[in-house]
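Notes follow the structure.
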Amino acid sequence: MTPDQIASVESTFRQIGPITQATGVEFYNRLFEIDPTTRSLFDVDMGLQAVKLMQVLAFVVSNLHAPETLLPMIRDLGRRHVAYGVTEAHYDSVVAALLFTLAHALGSAWTPDVAAAWASAFATIASEMKSAARSAAAG
Ligand code: HEM
């Protein structure tokens, strides 16, 4: 990610600040719609899950400039997701649902540059989580 892309992700994430839980809930609704195979993985209160997801996203966003802090945390998260029954294909659905939800929450602030910046952030997160999960599975 370029410094401009990091700044763009930080400033647009701040804009959805007041509606973070609603955004998290909308994300899961969208995810279950585009990929119904993900629904049965969640046996939890989805309101609470939405809060957890948005808290982790807030941490990720505020540490995009600090990979030495961000990467170990993302890799741990990826390893934990093996136990949740998550497969590599699920990541494509999650990233698509996240981008869709952010586009909706941000409205006219969702420009092509902003979209590219978020896509780049999620591509890095998903790829780090998947590769940590793969190494964990390989023992
Ligand atoms: C952008 C990548 C992702 C992020 C940031 C993320 C974030 C989180 C967080 C913060 C938790 C709470 C538990 C923990 O910290 O270990 C969690 C749990 C979970 N996530 Fe993810 N996740 C991601 C990708 C995925 C994918 C691709 C799936 C597949 C559908 C998924 C399914 C789950 C499930 C099933 C749980 C456990 C719910 C339970 O407690 O039973 N996540 N995720």
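The values are calculated or read from the model by the stated rules, or taken from the named source; none is laboratory data. All of these numbers come straight from a predicted model, not from anything done at the bench. Here Cβ is always computed from backbone atoms with ideal geometry, including for glycine, and neighbour counts include all displayed protein chains.
Counting residues in the range 20-31 that are touching a Ser or Thr at 6+ places or on another chain (Cβ under 7 Å) and assigned to a loop (DSSP other than H, G, I, E, B) gives zero. Residues in the range 73-90: is at least one charged (D, E, K, R), in a helix (DSSP H, G or I), more than 11 Å from the ligand (Cβ to nearest atom) and modelled with pLDDT of 95 or more? Yes; the residues of the range 73-90 include at least one that is charged (D, E, K, R), in a helix (DSSP H, G or I), more than 11 Å from the ligand (Cβ to nearest atom) and modelled with pLDDT of 95 or more. Being assigned to a helix (DSSP H, G or I), under 22 Å from A115 (Cβ atoms) and at pLDDT below 95 narrows it down to one of V51, V56, so name that one. The unique qualifying residue is V56. Quick check: is even one residue across the range 65-85 under 25 Å from R134 (Cα atoms), touching a residue at least 12 places away in the same chain (Cβ under 8 Å) and β-branched (V, I, T)? Among the residues of the range 65-85, at least one is under 25 Å from R134 (Cα atoms), touching a residue at least 12 places away in the same chain (Cβ under 8 Å) and β-branched (V, I, T), which makes the answer yes.
Table: residues versus (1) more than 16 Å from the chain's Cα centre (by Cα); (2) within 11 Å of the ligand (Cβ to nearest atom).
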residue	(1), (2)
D4	yes, no
V9	no, no
G17	no, no
F27	no, yes
T38	no, yes
V44	yes, yes
A58	no, yes
T69	yes, no
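Checking each residue in the range 104-120 for being assigned to a helix (DSSP H, G or I) and surrounded by 13 or more Cβ atoms within 10 Å (Cβ to Cβ) picks out H104, A105, L106, A109, V114, A115, A116, A117, W118, A119, S120. Across the range 82-139, the number of residues qualifying as among the hydroxyl-bearing types (S, T, Y) and under 22 Å from I19 (Cα atoms) comes to 3. Every test in (1) surrounded by fewer than 16 Cβ atoms within 10 Å (Cβ to Cβ); (2) away from the ligand (no atom under 13 Å from the Cβ); (3) part of a helix (DSSP H, G or I) is passed by H65 save one, and that test is (3).
Go through the range 12-55 and give me each residue that's of a type in the set (S, T, Y) and loosely packed, with under 13 Cβ neighbours inside 10 Å.
If we filter the range 12-55 for residues that are of a type in the set (S, T, Y), which is where we start, we get 12, 20, 23, 28, 37-38, 40.
T37, S40 - these are the residues of the range 12-55 that are of a type in the set (S, T, Y) and loosely packed, with under 13 Cβ neighbours inside 10 Å.
The set of residues in the range 5-21 being among the aliphatic types (A, V, I, L, M) and touching a residue at least 24 places away in the same chain (Cβ under 8 Å) consists of I6, V9, I16, I19.
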